[in-house]
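Novice: If you scroll down you'll find the structure; I have some questions about it.
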Amino acid sequence: MPSRPAAWRVLLFLVAVVLAGAPLRADQPEFCVGGTVLNAQTGEPLRRAAVTIPEAAALTDAAGAFRFCSLPAGAYYANAEKPGFVAAGASVVVGPSRENVVLRLQPLCVIGGKVVDAAGEPAPNVLVQLLAIQVAEGRRKVRVESAVAADDRGEYRLAGLSAGRYYLRVAGWEGATGNPDEGEAFAPVYYGGAAELASAAPVTVEPGRELRADFSVSLRNAYRIRGAIAGFSPLLPAKIELLGGGLEPSPAPVTLDAATGKFQIDDVAPGSYVLRATQGEGRERTRGELALQVNADVKGVVVPLAGSVVLRGIVRMAAASAQAAPSSPNCAIKLSPAETWISEEAALEASTGPAGEFAIEDVLPGRYRVGMACANGYISAARIGETDLLANPELPIPPGPSLPPIEAVLASDGGTLDVTASAEGEPGPAWVLLLPASGYELHARLARLKAQLTFQAVAPGDYQAYAWAGSPEAFEYANPDARQAWAGRALSVHVAERDRQSITVKVAPGEAP
């Protein structure tokens, strides 16, 4: 594969050939696009940055300048790239010419440090993971963004990172094992010393800066788990996962015999785990989970597989609502994996039928969160068996076909709230959140506001209203610590039955604190 500078030269040559072979008509006006590429942090011009528009490409000169001419009138997107920086671009409309385009590139970041054992000695081959944060429906989700192994001095370096918030953890060894002769392992450790993501603190990397993050691990005897998948089929793909506290993926290496379903997990640190087996694809998938306590080698483990189930339910109109509004419930039901780590599992959805009935198919055993949004009211009660889904929307789905239905009640006596968001006294676009004081997640409302927004069918009660600019992911509102940090930005509002009122929520400039 050619190097990036070589690729740029090839691109410039091809563009020149295309332009030479397709001249503009003599009667067609010609315009230019010109400007400068700058370091967004220092303001310095960037030399040899690659700038492209749909019909041309060029490298900036020593002053960071670029210029394209002989362009027909129209809309263009100018994009700039340079190794060590985040690419950036801007939309440009020409006709007349534009000579003042400024593209600012943020420099990439570096995280580095050292990993040592309890005695302060270097811990080579330890795997350092960079975890990216994503917020969905007010809850953090994480994924492994990149990983690198510590060298023989215990040093590691993660380069080429975009500025932002991350989690860092050390988990397992590079390759099969880091200490094959000694048979040692360690429990995952987050930067700062936390053992689980729930109690870990994120790190913030500033543009163009290098962050130092050191780790200490406690090496302990490593153990092995051997077992088999019951009901295994050699014709279907299968996966074995070992999950630690908070269902965090364990770094212990897994070997699975695709012909027999027998498996072996090496380098397991002492602790409590969930062993999960999944086989098949689509509607043919099966799954099994088994709780394990590992303090020695574990042999003869058998993980039974169970097929998916259908989660059924019904939404009924409240008695008073049924008299006033005979229309049937119009609700969307959503079942999302409750795990913090992003997985391949997608949310499952269903809509209510004419009588308020619904069915969610292909639900595998596991932990889920239930969401219910209705166009003609709010959920005033929801249960499955003995579980109150208003107070606790997290729903464990056990293996087996016996599953009670969800029973919910839809009320239509909610209030109406007209919301305006202002930034520094001027109306502006924002994300607006109504967070119920009751803690009932099914009553929370989040929507995008441009000039004015109306929330209808709001469950009566007390709320905190928030507004912020930028991304909907900026506020991790399901996290008590995040809510505490935002406390000064909340507007208290009481919503009464069938009442309508207007509020104005102040939007702080920029992203979340």
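Novice: Collect the residues in the range 328-379 that are among the polar types (S, T, N, Q) and either touching a residue at least 40 places away in the same chain (Cβ under 8 Å) or in contact with a Leu (Cβ under 6 Å, 6 or more places away or on another chain) (or both), keeping them in residue-number order.
Specialist: Initially, the range 328-379 is screened for residues among the polar types (S, T, N, Q), giving 328, 330, 336, 340, 343, 351-352, 376.
The answer is Asn330, Ser336, Thr340, Asn376.
Novice: A follow-up question, please. Assess whether Thr278 counts as being in a strand (DSSP E or B), polar (S, T, N, Q) and either over 23 Å from Glu441 (Cα atoms) or modelled with pLDDT under 95 (or both).
Specialist: yes
Novice: Being in a loop (DSSP other than H, G, I, E, B) and either surrounded by fewer than 16 Cβ atoms within 10 Å (Cβ to Cβ) or modelled with pLDDT under 85 (or both) is the filter here, so list the residues in the range 329-339 that pass it. Don't jump to the end; show me each part of the working.
Specialist: First, pick out the residues of the range 329-339 that are in a loop (DSSP other than H, G, I, E, B): 329-330, 338-339.
Hit for the range 329-339 is Asn330, nothing else.
Novice: Looking only at the range 363-379, count how many residues are over 17 Å from Lys141 (Cβ atoms), outside any loop (DSSP other than H, G, I, E, B) and open to solvent by less than 50 Å² (accessible area, probe 1.4 Å). Before you say what the answer is, go through the steps one by one.
Specialist: So the first thing to find is which residues in the range 363-379 are over 17 Å from Lys141 (Cβ atoms), and the list is 363-365, 370, 372-379.
From what is left, the residues that are outside any loop (DSSP other than H, G, I, E, B) are 363, 370, 372-374, 378-379.
So of that shortlist, the ones also open to solvent by less than 50 Å² (accessible area, probe 1.4 Å) come out as 363, 370, 372, 374, 378-379.
Summing the residues that are over 17 Å from Lys141 (Cβ atoms), outside any loop (DSSP other than H, G, I, E, B) and open to solvent by less than 50 Å² (accessible area, probe 1.4 Å) in the range 363-379 gives 6.
Novice: If the requirement is being within 26 Å of the chain's Cα centre (by Cα), over 30 Å from Asn39 (Cα atoms) and of a type in the set (Lys, Arg), which of these qualifies: Lys239, Lys262? Can you show your working first?
Specialist: On the way: Lys262 fails: within 26 Å of the chain's Cα centre (by Cα).
Step by step, each of Lys239, Lys262 is checked, and only Lys239 is within 26 Å of the chain's Cα centre (by Cα), over 30 Å from Asn39 (Cα atoms) and of a type in the set (Lys, Arg).
Novice: Quick check, is Ile229 out of contact with any Gly (no Cβ under 7 Å at 6 or more places or on another chain) and surrounded by 17 or more Cβ atoms within 10 Å (Cβ to Cβ)?
Specialist: On the way: out of contact with any Gly (no Cβ under 7 Å at 6 or more places or on another chain): no; surrounded by 17 or more Cβ atoms within 10 Å (Cβ to Cβ): yes.
Criteria not met by Ile229.
Novice: When you check Ala198 against the structure, is it touching an Asp or Glu at 6+ places or on another chain (Cβ under 7 Å) and either more than 21 Å from Pro304 (Cβ to Cβ) or open to solvent by 40 Å² or more (accessible area, probe 1.4 Å) (or both), yes or no? Explain how you work it out, then say what you get.
Specialist: Details: touching an Asp or Glu at 6+ places or on another chain (Cβ under 7 Å): no; either more than 21 Å from Pro304 (Cβ to Cβ) or open to solvent by 40 Å² or more (accessible area, probe 1.4 Å) (or both): yes.
Spelling it out, it is not the case that Ala198 is touching an Asp or Glu at 6+ places or on another chain (Cβ under 7 Å) and either more than 21 Å from Pro304 (Cβ to Cβ) or open to solvent by 40 Å² or more (accessible area, probe 1.4 Å) (or both).
Novice: Based on what the data block shows, is Gly300 more than 18 Å from Phe186 (Cα to Cα), in contact (Cβ under 8 Å) with a residue 12 or more places away in the chain and open to solvent by 10 Å² or more (accessible area, probe 1.4 Å)?
Specialist: Details: more than 18 Å from Phe186 (Cα to Cα): yes; in contact (Cβ under 8 Å) with a residue 12 or more places away in the chain: yes; open to solvent by 10 Å² or more (accessible area, probe 1.4 Å): yes.
Spelling it out, Gly300 is indeed more than 18 Å from Phe186 (Cα to Cα), in contact (Cβ under 8 Å) with a residue 12 or more places away in the chain and open to solvent by 10 Å² or more (accessible area, probe 1.4 Å).
Novice: Criterion first (open to solvent by less than 70 Å² (accessible area, probe 1.4 Å) and modelled with pLDDT under 95) does Ala347 satisfy it? Walk me through it before giving the result.
Specialist: Values: open to solvent by less than 70 Å² (accessible area, probe 1.4 Å): yes; modelled with pLDDT under 95: yes.
Criteria met by Ala347.
Novice: In the list Gly288, Gly300, Gly313, which residue meets the criterion of being assigned to a strand (DSSP E or B), touching a Leu at 6+ places or on another chain (Cβ under 6 Å) and not polar (S, T, N, Q)? Lay out the reasoning, then the answer.
Specialist: On the way: Gly300 fails: touching a Leu at 6+ places or on another chain (Cβ under 6 Å); Gly313 fails: touching a Leu at 6+ places or on another chain (Cβ under 6 Å).
After applying the criteria, what remains is Gly288.
Novice: State the number of residues belonging to the range 444-458 that are out of contact with any helix residue (DSSP H, G or I) (no Cβ under 8 Å at 6 or more places or on another chain), within 13 Å of Gly138 (Cβ to Cβ) and in contact (Cβ under 8 Å) with a residue 24 or more places away in the chain.
Specialist: Residues flagged as out of contact with any helix residue (DSSP H, G or I) (no Cβ under 8 Å at 6 or more places or on another chain), within 13 Å of Gly138 (Cβ to Cβ) and in contact (Cβ under 8 Å) with a residue 24 or more places away in the chain within the range 444-458 amount to 1.
Novice: Filter the range 482-495 down to the residues that are in a helix (DSSP H, G or I) and farther than 18 Å from Ala136 by Cβ, then identify the one that is farthest from the chain's Cα centre (by Cα).
Specialist: So in the range 482-495, the residues in a helix (DSSP H, G or I) come out as 482-485, 487-489.
Narrowing further to those that are farther than 18 Å from Ala136 by Cβ: 484-485, 487-489.
On the way: Gln484: 22, Ala485: 21, Ala487: 24, Gly488: 26, Arg489: 24 Å.
It comes out as Gly488.
Novice: Select from the range 380-402 the residues that are open to solvent by 40 Å² or more (accessible area, probe 1.4 Å) and in contact (Cβ under 8 Å) with a residue 60 or more places away in the chain and list them in ascending order.
Specialist: Ser380, Pro399, Pro401
Novice: Okay, next question. Go through the range 248-288 and give me each residue that's in contact with an Asp or Glu (Cβ under 9 Å, 6 or more places away or on another chain), within 20 Å of Val309 (Cβ to Cβ), surrounded by 15 or more Cβ atoms within 10 Å (Cβ to Cβ) and in contact (Cβ under 8 Å) with a residue 40 or more places away in the chain.
Specialist: Of everything in the range 248-288, those that are in contact with an Asp or Glu (Cβ under 9 Å, 6 or more places away or on another chain), within 20 Å of Val309 (Cβ to Cβ), surrounded by 15 or more Cβ atoms within 10 Å (Cβ to Cβ) and in contact (Cβ under 8 Å) with a residue 40 or more places away in the chain turn out to be Ala277, Thr278, Arg285.
Novice: Could you please find all residues in the range 98-126 being of a type in the set (A, V, I, L, M) and either in contact with a helix residue (DSSP H, G or I) (Cβ under 7 Å, 6 or more places away or on another chain) or open to solvent by less than 40 Å² (accessible area, probe 1.4 Å) (or both)? So that I can check it myself, show each step before the final result.
Specialist: Initially, the range 98-126 is screened for residues of a type in the set (A, V, I, L, M), giving 101-103, 105, 108, 110-111, 115-116, 118-119, 123, 126.
Within the range 98-126, Val101, Leu103, Leu105, Val110, Ile111, Val115, Val116, Ala123, Val126 meet the criteria.
Novice: If you don't mind, there's one more thing I want to ask. When the residues of the range 141-155 are filtered to those that are touching a strand residue (DSSP E or B) at 6+ places or on another chain (Cβ under 6 Å) and not small (Gly, Ala, Ser), which remaining residue is least open to solvent (accessible area, probe 1.4 Å)? Spell out the reasoning first.
Specialist: Applying the first criterion (touching a strand residue (DSSP E or B) at 6+ places or on another chain (Cβ under 6 Å)) to the range 141-155 yields 141-150, 153-155.
If we keep only those that are not small (Gly, Ala, Ser) too, we end up with 141-145, 148, 153, 155.
Numbers: Lys141: 40, Val142: 0, Arg143: 96, Val144: 70, Glu145: 92, Val148: 39, Arg153: 146, Glu155: 54 Å².
Filtering first and then ranking leaves Val142.
Novice: Can you name every residue in the range 119-138 that is outside any loop (DSSP other than H, G, I, E, B) and at pLDDT 90 or above? First the steps, then the outcome.
Specialist: Restricting attention to the range 119-138, the residues satisfying the condition of being outside any loop (DSSP other than H, G, I, E, B) are 122, 126-136.
Within the range 119-138, Pro122, Val126, Leu127, Val128, Gln129, Leu130, Leu131, Ala132 qualify.
Novice: Do you know which residues across the range 426-459 are open to solvent by 50 Å² or more (accessible area, probe 1.4 Å) and either among the acidic types (Asp, Glu) or more than 24 Å from the chain's Cα centre (by Cα) (or both)?
Specialist: Within the range 426-459, Glu426, Pro427, Ala437, Ser438, Glu441, Lys450, Ala451, Gln452, Thr454, Gln456 meet the criteria.
Novice: Right, something else. Examine the range 483-494 for a residue that is basic (Lys, Arg) and out of contact with any helix residue (DSSP H, G or I) (no Cβ under 9 Å at 6 or more places or on another chain), and state whether such a residue exists.
Specialist: Within the range 483-494 (the criterion being basic (Lys, Arg) and out of contact with any helix residue (DSSP H, G or I) (no Cβ under 9 Å at 6 or more places or on another chain)), the answer is yes, since at least one residue qualifies.
Novice: Do we find a residue being among the small types (Gly, Ala, Ser), within 30 Å of Glu145 (Cβ to Cβ) and surrounded by 14 or more Cβ atoms within 10 Å (Cβ to Cβ) anywhere in the range 319-327?
Specialist: Going through the range 319-327, the residues among the small types (Gly, Ala, Ser) turn out to be 319-322, 324-325, 327.
Restricting the remaining residues to those that are within 30 Å of Glu145 (Cβ to Cβ) gives none.
Looking for residues that are among the small types (Gly, Ala, Ser), within 30 Å of Glu145 (Cβ to Cβ) and surrounded by 14 or more Cβ atoms within 10 Å (Cβ to Cβ), one finds none in the range 319-327, hence no.
Novice: Output the qualifying pairs, or none if there are none: Cβ atoms under 9 angstrom, residues six or more apart or on different chains, first residue in the range 38-59 and touching a residue at least 24 places away in the same chain (Cβ under 8 Å), second residue among the polar types (S, T, N, Q) and open to solvent by 50 Å² or more (accessible area, probe 1.4 Å).
Specialist: Asn39/Gln106; Ala40/Gln106; Gln41/Gln106; Ala56/Ser70
The values are calculated or read from the model by the stated rules, or taken from the named source; none is laboratory data. Remember, predicted model here, so these are calculated numbers, not experimental data. Backbone-built Cβ (ideal geometry, glycine too); neighbour counts: all protein chains shown. Protein only, heavy atoms only, side chains kept; ligands, DNA and RNA dropped before computing areas. Shrake-Rupley method; radii C 1.70, N 1.55, O 1.52, S 1.80 Å.
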